[in-house]
Amino acid sequence: MPDSLITAVVEGLRHTVPFRGLPVTSRPTEQLWTAHNDTLLLLRLPLYHDRLRKPRPKQKVYDAAIQAGLAVLGAVARETDTHQAIVRIAGGEPDAISFQPRPFGANWTREHGITPAALQQSWSDPLLECDPVMGSVSLTMDVSTRNVLHLAGKVALAVVKSTTTSSHPSGTATFTFSRRSLLPEARVVYRPLRPNEPARIVELVTTAA
């Protein structure tokens, strides 16, 4: 991801509640990686408390994780002109993830994985900085297109799990993003497949400009 794009993403993150205190470093890639990694850590308990043999977390734990995920997705979407993401949940797991317009044509399904094929390799991912001579990429503190797509799947699943105790829920989470303001804007609407299960709407909370 070009430095100018990463810098803009990080600046947007600083206007969100979860990342207004994002540590300042000399490399914006490290700041974005930190935000993404912190988000994954927040999502760990809401998504995997059963596997970790932990009790179901309180609602505020789900909300904090979802807000962090929306912040990262909203900041990246704003700078890549992505308007929408649709995540289909089937049997309690993400089944398909589609961004519209697709950044770099990215799409993912459980059956076929990520497409186009260029995104399956880090060295050919446009979001990653590749050495033009060596053809290599540093993976220590980078956020790939694959990371962004799968983050949408994890956030969608966290929204689902925050609404139901069913072990195999199915439905659709629709994320919408906007560039109407100087701040990232993100909203997710979850609609369950079964009408007797609850729906949910969550909007990203941002700070004053």
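Can you find even one residue in segment 80-95 that is modelled with pLDDT of 80 or more and in a helix (DSSP H, G or I)? Looking for residues that are modelled with pLDDT of 80 or more and in a helix (DSSP H, G or I), one finds at least one in segment 80-95, hence yes. The requirement of being within 19 Å of T206 (Cα to Cα) and out of contact with any Lys or Arg (no Cβ under 8 Å at 6 or more places or on another chain) is fulfilled somewhere in segment 41-56, by at least one residue. Residues in segment 155-181 that are out of contact with any helix residue (DSSP H, G or I) (no Cβ under 7 Å at 6 or more places or on another chain), within 20 Å of Q100 (Cα to Cα) and of a type in the set (A, V, I, L, M): A156 only.
Please find, within segment 177-206, the residue that is farthest from the chain's Cα centre (by Cα) out of those that are of a type in the set (S, T, Y) and surrounded by fewer than 17 Cβ atoms within 10 Å (Cβ to Cβ). Talk me through it step by step, then tell me what you get.
Residues of segment 177-206 of a type in the set (S, T, Y): 178, 181, 190, 206.
Checking the rest, the ones that are also surrounded by fewer than 17 Cβ atoms within 10 Å (Cβ to Cβ) come to 178, 181.
Details: S178: 15, S181: 20 Å.
That would be S181.
Specify the residue that is surrounded by the most Cβ atoms within 10 Å (Cβ to Cβ); the eligible residues are those in segment 7-26 that are assigned to a loop (DSSP other than H, G, I, E, B) and among the hydroxyl-bearing types (S, T, Y).
First, pick out the residues of segment 7-26 that are assigned to a loop (DSSP other than H, G, I, E, B): 14-15, 17-26.
Then keep just the ones that are among the hydroxyl-bearing types (S, T, Y); that gives 25-26.
Numbers: T25: 13, S26: 6.
Residue satisfying both the conditions and the ranking: T25.
Of all residues in segment 35-62, those satisfying the criterion of being surrounded by fewer than 18 Cβ atoms within 10 Å (Cβ to Cβ), of a type outside the set (A, V, I, L, M) and in a helix (DSSP H, G or I) are N37, D38, R44, Y48, Q59, K60.
Can you name every residue in segment 21-39 that is at pLDDT 90 or above and within 13 Å of A71 (Cβ to Cβ)? Spell out the reasoning first.
Looking only at segment 21-39, we keep the residues that are at pLDDT 90 or above, and these are 31-39.
Scanning segment 21-39 gives Q31, L32, T34, A35, H36, D38, T39.
Of the strands (runs of 3 or more DSSP E) contained entirely in segment 146-206, not one carries at least 2 residues that are at pLDDT below 95, closer than 27 Å to E79 by Cβ and basic (K, R).
The values are calculated or read from the model by the stated rules, or taken from the named source; none is laboratory data. The structure presented is a predicted model; accordingly, all values stated were derived computationally and were not measured. Here the Cβ is made from the backbone with ideal geometry for all residues, glycine too, and neighbour counts use every protein chain on show.
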